[in-house]
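Values in this text are rule-based calculations from the coordinates and carry no lab data. All figures in this text were calculated on a predicted structure; none of them were measured in a lab. As a convention, Cβ positions derive from the backbone with ideal geometry for all residues, glycine included, and neighbour counts pool all protein chains shown.
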Amino acid sequence: MMLSLKRSAVNVEIQSSDHEFTKMSATAIPATPQQIASLGNEVIGEAWGLSSHFQQGPKTIKFAPPETVDAEAQWQQQQCYRRVLTVADQKELVSLSLSMPGSADGLVASADALSYALAGVDEALPHLRHLRHLQLVVDDEIRAHDLFQSS
């Protein structure tokens with residue numbers, strides 16, 4: 001099942017990680033523990049773009065969400081997802097597939113983590129100039145949709 005809604009000028013699709021995805025111009029995936037270790041803990045809560053002129057297929061945005069959801073991590077979680085969308089917009093991307101908490105390795109699977117991530121996405125949407133299609137990859141579409149509607 002895929003759930004859709006529109007926020008600001010962005011069409012948002014919420015779908016589970018076991019569905020076949022619509023091809024997007026970019027994909028946002030969590031950085032590996034090795035990448036975070038090599039860059040240092042300062043990257044927690046940050047996002048950055050990777051691309052090559054020779055790259056075939058979608059561009060990649062890496063991000064480093066916190067591994068826990070304590071008081072400090074809540075703010076970092078929200079900031080991290082907001083920054084992913086900011087990076088996408090700076091790269092003038094029109095569409096993006098974004099892995100949400102619980103949907104991929106390296107992403108905390110908790111309702112709080114998902115709630116803060118969705119709040120960060122919701123905060124960023126009105127400020128985007130280029131992004132028009134956002135695909136949120138989640139573990140549970142109904143719960144994510146309900147949380148997103150209430151944010």
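For region 62-131, what is the largest minus smallest coordinate of the Cα atoms on each principal axis, given in angstrom and ordered from greatest to least?
Extents along the principal axes: 32, 21, 16 Å.
Distance check, please: which entries in LYS6/LYS62; LYS59/LYS91; LYS23/LYS59 exceed 18 angstrom between their Cα atoms?
Beyond 18 Å between Cα atoms: LYS6/LYS62.
Under a 5 Å amide H to amide H cut-off, with H placed in plane at 1.01 Å, what residues pair with ASP140 once short-range neighbours are removed?
Those qualifying (amide H under 5 Å, at least 5 residues apart or on another chain) number zero.
Checking the a/c ratio against 1.5 first, then a/b against b/c, what shape does the Cα gyration tensor give for the chain?
Taking the square roots of the gyration eigenvalues as a ≥ b ≥ c, the chain is rounded.
Work out from phi, with θ = phi - 60° and the Karplus expression 6.51 cos²θ - 1.76 cosθ + 1.60, the ³J(HN,Hα) of each residue of region 33-43, listed in order in whole Hz, and give x for Gly and Pro.
My calculation for region 33-43 gives x, 5, 5, 5, 4, 6, 8, x, 5, 5, 7 Hz in order.
Of all GluC sites (Glu not before Pro) in region 1-50, which ones are in loop regions per DSSP and have a Cβ with at most 13 other Cβ atoms within 10 Å?
GLU20
Helix-only mean residue ellipticity at 222 nm, the chain, DSSP H runs n ≥ 4 weighted -39,500 (n - 2.57), per residue, nearest 500. What is it?
Using -39500 (n - 2.57) per qualifying helix, the result is -10500 deg cm²/dmol.
Just how far, in whole angstrom, is region 70-96 from region 102-143 if you go by their alpha carbon centroids?
So the two Cα centres are separated by 9 Å.
Assigning unit charges at the beta carbon (Lys, Arg +1; Asp, Glu -1) and nothing else, what dipole magnitude in debye, to the nearest 20, does the chain show about its Cα centre?
About 700 debye.
Using DSSP loop states and a limit of at most 14 other Cβ atoms within 10 Å to flag chymotrypsin sites (Phe, Trp or Tyr not before Pro), what is the longest stretch of the chain containing no flagged site?
Result, exposed sites excluded: 55-151.
Considering only the other residues whose Cβ falls under 14 Å of the Cβ of VAL43, what net charge follows from Lys and Arg at +1 and Asp and Glu at -1?
Neighbour charge sum, excluding VAL43 itself: -1.
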